[in-house]
Amino acid sequence: MKVLIEKDYKTISEVAARMIKDEIERKPNLTLGLATGSTPMGTYQELIRLYKEEGLDFSKVTTFNLDEYVGLDRDDPNSYSYHMRDVLFNHINVNLENTFIPNGKSKNLEDACASYDKIIRDKGGIDLQILGIGENGHIAFNEPSDKLNIYTSIVKLDDTTINANSRFFNSTEEVPKTAITMGMSSIMEARKIILMAHGKKKAPIVKRLLEAKHISTYIPASLLLLHPNVTFILTEEAYEA
Ligand code: GLP
């Protein structure tokens, strides 16, 4: 595990975007795992800048997003599908047909989960996965529990997650209570993982993670400690020495 501590949010965003750029230049048909939440937004802005100013080419890149709310239409501004187009896909030259996000509006959600795993497998797995972390240690929407899902699954969101994400909605009541999330296996099978964290609120979970002597399903992100190629990119604020 590599830990990079940078002075502020702008710097972690630049460092992460530069690492993504290096991977795309090494492998133009990269399969890139993307996250939502506020953490990677600066990275996406930086990727747009690298596309516009340095000609970073996304035309052969395939993307897989980690998760999606159940019940929101893909054109609902609160859906991750809409959000990703808004903050990244519409501003770079990625082929939208190569951008995948679980379908939270599917009539058969079980099938939607299974087919998502199949598409990831068919594309040869994820080369580089970008992750944020929830204050409760969740990654994607894999919430702390006595068991974690291996495969893409429908999950009930924790109250802490619903409260944390309510800032994007008009009220807490509007936040969907269930979501589809990639399971631990697709995430852990990614060849390289970058986990980013910024802000004081993340410091306690980051500290628990970096000091962990055990993995625990109650801290889903702790499973990343078993991964052979994971880099944590943290702001000084999120890293309490
Ligand atoms: C959300 C997402 C995660 C994200 C996390 C942290 O609920 N499902 O993928 O990493 O919570 O969000 P933020 O970056 O806004 O702190």
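Here is how the numbers come out for the structure above:
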quantity	calculated
Search result, residues across the stretch 72-99 that are loosely packed, with under 13 Cβ neighbours inside 10 Å, under 19 Å from the mean Cα position of the chain (by Cα) and over 18 Å from ASN29 (Cα atoms)	PRO77, ASP86, ASN90
Of all residues making up the stretch 14-28, the number that are among the small types (Gly, Ala, Ser) and either free of Cβ contacts under 8 Å to residues at least 40 places away in the same chain or surrounded by fewer than 12 Cβ atoms within 10 Å (Cβ to Cβ) (or both)	1
Residues satisfying the stated conditions in the stretch 213-241, i.e. closer than 24 Å to LYS147 by Cβ, part of a loop (DSSP other than H, G, I, E, B) and hydroxyl-bearing (Ser, Thr, Tyr)	THR217, TYR218
The stretch 211-236, subset in contact with a Leu (Cβ under 9 Å, 6 or more places away or on another chain) and within 17 Å of THR39 (Cβ to Cβ), residue surrounded by the most Cβ atoms within 10 Å (Cβ to Cβ)	ALA221
Failed item in (1) away from the ligand (no atom under 16 Å from the Cβ); (2) touching a residue at least 12 places away in the same chain (Cβ under 8 Å), with SER81 passing the rest	(1)
Residue selected from the stretch 164-200 under the condition basic (Lys, Arg) and at pLDDT 95 or above, by the criterion surrounded by the most Cβ atoms within 10 Å (Cβ to Cβ)	LYS192
Test result for GLY37, surrounded by 22 or more Cβ atoms within 10 Å (Cβ to Cβ) and under 27 Å from ALA212 (Cβ atoms)	no
Single match in ILE150, ILE120, ILE154, ILE162 (criterion: within 16 Å of GLY33 (Cβ to Cβ), within 18 Å of the chain's Cα centre (by Cα) and not charged (D, E, K, R))	ILE120
Extreme residue, nearest to HIS214 (Cα to Cα), among residues of the stretch 100-137 that are of a type in the set (A, V, I, L, M, F, W, C) and surrounded by fewer than 17 Cβ atoms within 10 Å (Cβ to Cβ)	ALA114
Sole exception among (1) buried (at least 20 other Cβ atoms within 10 Å of the Cβ); (2) away from the ligand (no atom under 16 Å from the Cβ) for VAL3, by number	(1)
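The values are calculated or read from the model by the stated rules, or taken from the named source; none is laboratory data. Predicted model, so just to flag it, every value in this text is computed and none were measured. Note that we place each Cβ from the backbone using ideal geometry, even for glycine, and neighbour counts take in every protein chain shown.
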